[in-house]
Amino acid sequence: MDIIHLLPDSVANQIAAGEVIQRPASCLKELVENSLDAGATRVQVIVRDAGRTLLQVIDDGIGMSEMDARLAFERHATSKIREAQDLFSLRTMGFRGEALASICAVAQVEMTTRRKEDETGTLIEIHGSDVVRQEPCACPVGTNIKVSNLFFNVPVRRKFLKTDQTELRNLLTEFYHIVLVYPKVAFTFVHNDEIILELPAGTEKQRIEAVFGNPKKNVYTSAFVEVKTETELVSIRGFVIKPENATKRAEQYFFVNGRYMRHPYFLKAVQTAYSGMLTADYQPSFFIYFDIAPESIDVNIHPTKTEIKFADEQTIFQILMASVREALGKFSLAPTIDFDTQGNINIPLPTDAPVSRPQLTVDTSYNPFHTRGAIYPDRAPKNWESLYDGLSETRDLEISTPRETAIPDAEHAPIWQYGGKYILMPSEEGLMLINQHRAHTAVLYAQFMEQLGNAQGAMQQLLFPEVISLPQDDMILMEQLQPDLRAIGFDLEQLSPDSYSIQGVPAQLAQQSPVPTLQHILTQVRDRNADTRQEWREQIALTLAQNAAIPYGKTLTETEMREIVEKLFALPQFRRTSDGKTIVSLMTDEEINKRF
Ligand code: ADP
Ligand code: MG
């Protein structure tokens with residue numbers, strides 16, 4: 001008996017949908033891209049419950065005929081390419097003809113559509129790939145598609161969705177990617193009956209301002225300089241932030257031929273152009289638009305991936321870096337010092353370096369034994385910082401090395417500071433070298449976590465409240481983090497739909513400007529994809545600890561040193577930071593004796 005049979009379309013579509021439609025945001029992306037491909041000049045997005053209950057997209061594009069309205073939901077039904085060759089000259093966002101088929105396999109879809117030349121439009125209703133209704137209807141020119149109860153028939157997917165706030169942020173992220181390349185199209189985004197974004201048609205710059213700033217004030221875009229380069233290979237235009245306006249929460253966008261892309265390699269090019277101009281932890285914001293012959297890029301990759309391959313990446317890297325450099329040099333204070341062009345970029349910036357401390361005197365590669373190493377190169381211990389690692393790497397070893405013997409008496413043992421960076425203290429086995437910033441960070445982290453746990457953060461009222469303005473996706477994030485930010489001592493009040501006033505800060509951070517600190521928290525939460533209360537707390541505690549910890553270069557009194565060390569030794573895990581960096585390193589007696 002033959003055992004192979006073809007899957008019914010509805011099943012095949014559901015399987016395909018798993019690839020194309022992973023969450024409400026991917027559904028939104030497909031729908032809006034279709035509207036743009038249909039030449040819409042106005043696109044309205046209406047969302048309910050972060051897209052779980054409803055995702056609706058209304059456009060004034062070319063619409064569909066009665067026949068096309070039905071065909072659009074078939075797999076591999078597309079009006080955009082006819083043959084494989086067309087793939088190489090793609091100028092539309094969609095081309096696979098999979099999106100609508102996938103969406104209608106996992107949701108209840110109702111669409112009305114009408115072409116200009118038709119008097120009546122078509123209404124079609126499809127539930128999980130079954131057409132339940134198709135009839136003529138009266139409707140405006142364009143397409144209005146309503147996707148209800150996404151994943152109603154795929155409970156696993158439904159369960160897999162994150163909190164409403166997270167899904168809403170994902171929706172906005174996708175939305176930003178699109179609206180930033182279609183400034184001439186007007187967009188609105190409505191969530192639960194509230195207008196979240198209203199974007200009139202305009203220039204790229206106006207669109208950026210409308211999304212991230214405030215179109216009435218134009219403050220946001222005035223922090224940027226323009227980039228513009230035309231070469232035979234590629235044309236690059238856009239905006240890059242003036243170094244002095246860089247923030248800890250950067251907006252970094254690349255677009256190619258009207259499509260958002262992620263490109264870590266080109267990101268390096270931009271960062272390299274900024275090297276030497278930014279304080280640690282500060283990131284350049286940029287909006288860079290590439291135009292390139294479609295045949296020299298490959299977008300025919302996975303539908304949900306945003307990576308794009310270029311034929312000539314090295315050359316574009318160089319062109320990009322030079323254009324950004326030139327833009328920065330032309331418009332802003334080009335640094336007069338001759339900075340190393342290889343710069344920061346090959347040596348990753350220490351993520352726990354102090355913030356809001358513009359003097360960049362920290363030499364993270366500083367090796368106190370350097371001179372000696374130069375004289376007796378064969379004797380210089382390589383990786384001296386990790387000498388202690390073997391002992392602390394595994395739990396077993398921790399246990400077999402009783403803490404009592406490993407820890408010196410922090411109250412009485414001799415103690416010194418070295419190089420503005422390390423605390424030295426003899427122990428039974430040798431000389432302990434303690435990284436002062438990391439040690440203090442670890443101590444504060446534990447304190448902040450405890451305060452978050454019992455909501456006992458100490459608050460310091462600000463004499464002059466500060467204002468933090470945020471794009472919509474960050475406003476949502478702030479709302480999520482509010483309870484914990486309050487618990488730790490921030491006193492925040494929403495001022496307007498896109499800003500908060502900061503009236504109080506955690507006492508430990510009273511010396512610092514709260515805006516970069518909050519931006520830093522938002523960046524961390526976002527970059528780590530923190531999505532549970534516990535993860536948010538960890539990121540908040542870590543960021544605050546890093547910001548409040550004593551920096552490198554600070555001279556410490558003996559009392560200060562003893563206090564840090566004592567608290568450090570009291571932690572259950574004090575040799576390494578939570579992200580695995582060495583806090584305490586030991587030069588064993590043997591190591592020291594060998595030197596002589
Ligand atoms: P693709 O966009 O890859 O062609 P889709 O499944 O997204 O595949 O859409 C299938 C077809 O339906 C499109 O090629 C287009 O002809 C038609 N279509 C979809 N959405 C719209 C719309 N909003 N306006 C006009 N036509 C549309
Ligand atoms: Mg499409």
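What follows is calculated from the coordinates using simple rules that are stated; it is not laboratory data. A quick note: this is a predicted structure, and the numbers were derived from the prediction, not measured. When we count neighbours, we look across all protein chains shown, and the Cβ atoms used for this are built from the backbone with ideal geometry, even at glycine.
Size estimate for region 33-83 follows the Kirkwood approach: the inverse of mean 1/r over distinct Cα pairs works out to 12.5 Å. Here is the P(r) of region 417-530: all C-alpha pair distances, binned every 5 Å from 0, give 2, 10, 17, 20, 16, 11, 8, 7, 4, 3, 1, 0 in whole percents.
State which entries of K116/K216; K216/K330; K184/K242 exceed 29 angstrom in Cα-Cα distance in the structure shown. Cα-Cα > 29 Å for K116/K216; rest within. Here each label is just a point 7 Å from Cα along the line to Cβ, and for H412 and A201 those points are 8.3 nm apart. The simple Förster model, with R0 at 22 Å and r as the Cβ-Cβ distance, assigns L7 and V132 a FRET efficiency of 0.55. What you get for region 137-198, charging only the Cβ of Lys and Arg (+1) and of Asp and Glu (-1), is a dipole of about 340 debye around the Cα centre.
For region 96-164, the set of trypsin sites (Lys or Arg not before Pro) satisfying both a DSSP loop assignment and a count of at most 15 other C-beta atoms within 10 Å is given as K116, K162. In a simple Cβ point-charge model (Lys, Arg +1; Asp, Glu -1; nothing else charged), region 9-202 has a dipole of about 500 debye relative to its Cα centre.
Listed by chain and number, the aspartates and glutamates placed with their C-alpha closer than 15 angstrom to that of K29 are E19, D37, D59, E98, E167, E174; residues fewer than eight positions away on the same chain are left out.
Computed from phi, the 3J(HN,Hα) profile of region 272-289 under the Karplus parametrisation 6.51, -1.76, 1.60 (θ = phi - 60°) reads 4, 4, 8, 4, x, 9, 10, 6, 3, 6, 7, 10, x, 8, 7, 10, 10, 10 Hz, with x in place of Gly and Pro. Note on region 433-505 and region 1-55: Cα centroid distance 39 Å, given to the nearest whole angstrom.
Placing +1 on each Lys and Arg Cβ and -1 on each Asp and Glu Cβ, with no other charges, gives region 392-596 a dipole about its Cα centre of roughly 300 debye. Here the extension length gained between N529 and F152 equals 133.1 nm, from 0.36 nm per residue of separation less the Cα-Cα distance.
Computed log10 I(q)/I(0) for region 392-596 at 0.16 Å⁻¹: -1.03, from the Debye equation with unit scatterers placed on every C-alpha and solvent omitted.
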